[in-house]
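For reference, the structure discussed in these notes is given below.
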Amino acid sequence: MTRNDEYKDNLNKIIFHSANVLPKKVVTYLQEIAERNNIDAIEEVFKNYQPLAYHIPKEFIDFVIDVLISKPRCPITP
């Protein structure tokens with residue numbers, strides 16, 4: 001992992017840890033990730049979402065539903 005990757009990872013974690021004081025920033029961040037459909041960023045959200053447990057905005061729930069339920073990544077074949 002490069003130094004730049006470490007900074008990015010730490011900044012992403014800070015966003016989630018700030019959910020209680022900056023909920024709109026978290027909402028904006030999640031919306032941007034969902035719009036870009038960036039698989040790596042989506043995985044990062046799920047890896048670091050624990051701090052959101054106490055401050056989950058409605059938009060996070062919408063994000064999870066949209067990514068995991070409404071738009072499955074791999075079609076299921078019988």
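For the reader, a short list of remarks on this structure follows.
- Packing, taken as the mean count of other beta carbons within 10 Å per residue, orders the peptides 5-16, 25-36 from highest to lowest as 25-36, 5-16.
- Partner aspartates and glutamates whose Cα lies under 20 Å from the Cα of Lys58, excluding those fewer than 8 positions away in the same chain, are identified as Glu32, Glu35, Glu43, Glu44, Asp66.
- Stretch gain in nm, segment Asn48-Lys24, where the contour uses 0.36 nm per residue and the Cα spacing is subtracted: 6.9 nm
Laboratory data are not the source of any read-out in this text; all were calculated from the coordinates shown. Keep in mind that this is a model prediction, so the values were computed, not measured. FYI the Cβ positions are ideal-geometry reconstructions off the backbone, even for glycines, and counts take in every protein chain you see.
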